[in-house]
Amino acid sequence: MTKPLNQTFANLPVTIFTTMSELARQHDAINLGQGFPDTQGPQDMVQLAADALLDERNQYAPLTGLPELRHAVADACGRFMGMTVCADSEVVVTSGATEALAAAFLALIEPGDEVVLIEPLYDTYLPVIRQLGGIPRLVRLEAPDWTLPRAALEQAFSDRTKVMVLNTPMNPTGKVFTPDELAFIAQLLRRHDAYAICDEVYEHLVFDNATHVSLMSLPDMRERCLRIGSAGKSFSLTGWKVGYVVAAPALASVVAKAHQNLVFSTPPNLQRAVAFGLNKDTDYFAELARDMGRKRQILSSGLQEAGFDVLPSQGSYFVMADITPLANGMDDVAFSRMLSEQARVTTIPASAFYDAQGGEPPRNLIRFAFCKREEILIEAVLRIKAWKNART
């Protein structure tokens, strides 16, 4: 009998994302489950990346990233967050935000450290934290408004708390944490001498009157926060897998060591194109948000007309919907499967974004991704309406 494999990862089930995407393929469904755009991103960036492959600079990039990209990240922090960042000592370029998260966890967490996380949450956080010996302390937001439960969050913190993970704008809820909520979190971090890993990959995708504020920009947070950004989300180029971590020099240097032992460096042609993109006029980022906001409205309005209770979404690629009016007692997994098979529209059941150790998750919510072409969203709504009418 062979020796067992790493149990943290060997015991992970097939993800619901894989399951639902396979259903979408089987039934020729419109896949609004996976959060990636179906457009090609800015053509000038794609052309620059293609040209850069031919400029004879295709060997390893510097460990922390090409100087032009590190400077572009630092300049963007100043332009959008009002923060002064040193490109040489406070920026680490990574192979996507997922690697940035892993490097940040590796830099901070040792066995027995407690990590405060907010549910519902992105599914890659917990396996890495547990593999490192971290102990998750979960705090749950409640639909429909996802207000920060301050008493529960305060109770989750202790002298053993090493890190809090904060995702804003938030996947899957679309919540953007308010300045008042961020100030409360900052106060807890100061009181317990803890760090924050700030997953801000949707920083430019905020809608209506919401404003993204980085926790790192608050007083006394500069030395406690590791801020993670994503070119994939900012430029609709998710397959490029270019991310970045911004942190004070003492933190960034350890993140860089973790990054060295994960992937070492990121493709230089893509780095040059992302540097160009980050230096785009502010109008580009404003139009990106306006365009995604229109798509959110098309999908949200259509789902409401079809009979769903649609929750507000202030940012990200996602909107959550309450299936109760249509589900006839089915839970989110069964309903999502039925929607793929019968309406030929694929979503993700929201229970996938909760941890089994945190208690029973809500079973009445599903997540739709609206980062698709408008005609695809309109067709998805038409399919759902036709399906509903056929049932009545």
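The values are calculated or read from the model by the stated rules, or taken from the named source; none is laboratory data. Source: prediction; values computed, not measured. Glycine gets a Cβ as well: all are built from the backbone with ideal geometry, and neighbour counts include every protein chain shown. Surface areas here come from the heavy atoms of the whole protein model, side chains and all, with no ligands, DNA or RNA. Shrake-Rupley method; radii C 1.70, N 1.55, O 1.52, S 1.80 Å.
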Diffusion coefficient, µm² s⁻¹, Stokes-Einstein with Kirkwood Rh over alpha-carbon pairs of region 330-374 at 4 °C and 1.567 mPa s: 114
Computed over region 220-281: relative contact order in percent, which uses C-alpha pairs under 8 Å that are six or more apart: 28
Proximal lysines relative to Lys233, as straight alpha-carbon distance under 20 Å, when same-chain residues fewer than 8 apart are discounted: Lys175, Lys241, Lys280, Lys295, Lys372
Equivalent ellipsoid semi-axes, region 236-276, via Cα gyration tensor eigenvalues times 5, rooted, Å: 21, 12, 9
P(r), alpha carbons of the chain - 10 Å bins starting at zero, rounded %: 5, 23, 32, 27, 12, 2, 0
Gap separating the Cα centres of region 1-21 and region 323-392, nearest whole Å: 25
The chain, dipole about Cα centre (Lys/Arg Cβ +1, Asp/Glu Cβ -1), debye to the nearest 20: 540
Largest-first ordering by accessible area, 1.4 Å probe, given options Lys385, Lys257: Lys257, Lys385
Reference-scaled alpha-carbon Rg (2.2 N^0.38 Å with N residues) for region 171-246: 1.17
Met330 - accessible surface, heavy atoms, 1.4 Å probe, Å² rounded to 10: 60
Taking the C-alpha atoms of region 91-148, convex hull volume expressed per residue in Å³: 102
10 Å-binned pair-distance histogram of region 93-219 (Cα, whole percent): 12, 46, 36, 5, 0
Max mean-square fluctuation residue, GNM over the chain, Cα-Cα springs under 10 Å, options Pro172, Pro267, Pro325: Pro325
For region 1-104, fraction of C-alpha pairs farther apart than 19 Å, in %: 70
Rg and Dmax of region 119-178, Cα atoms only, in Å: 12.1, 33
Charge-dipole axis of region 117-195 as Lys and Arg at +1 and Asp and Glu at -1 on Cβ define it, positive-most pick from Gly133, Phe184, Ile118: Gly133
Region 293-392, relative contact order [Cα under 8 Å, separation at least 6], %: 33
For region 143-205, alpha-carbon Rg relative to the globular expectation (2.2 N^0.38 Å, N residues): 1.13
Accessible-area order (highest first, 1.4 angstrom probe) of the listed residues Trp387, Trp240: Trp240, Trp387
GNM flexibility winner over the chain from Ala100, Ala152, Ala76 (Cα, springs under 10 Å): Ala152
Percent of C-alpha pairs per 5 Å bin, region 210-314, short to long: 2, 9, 14, 16, 17, 15, 11, 7, 5, 2, 0
Inter-part distance where region 217-261 and region 120-186 are each reduced to a Cα centre, Å: 18
Lys/Arg +1, Asp/Glu -1 at C-beta; the chain dipole; positive extreme among Ser351, Leu69, Met221: Ser351
Positive-pole candidate from Pro42, Leu101, Phe368, dipole of the chain, charges at beta carbon: Phe368
Top of Pro13, Pro136, Pro37 by mean-square fluctuation, Gaussian network on the chain, Cα under 10 Å: Pro13
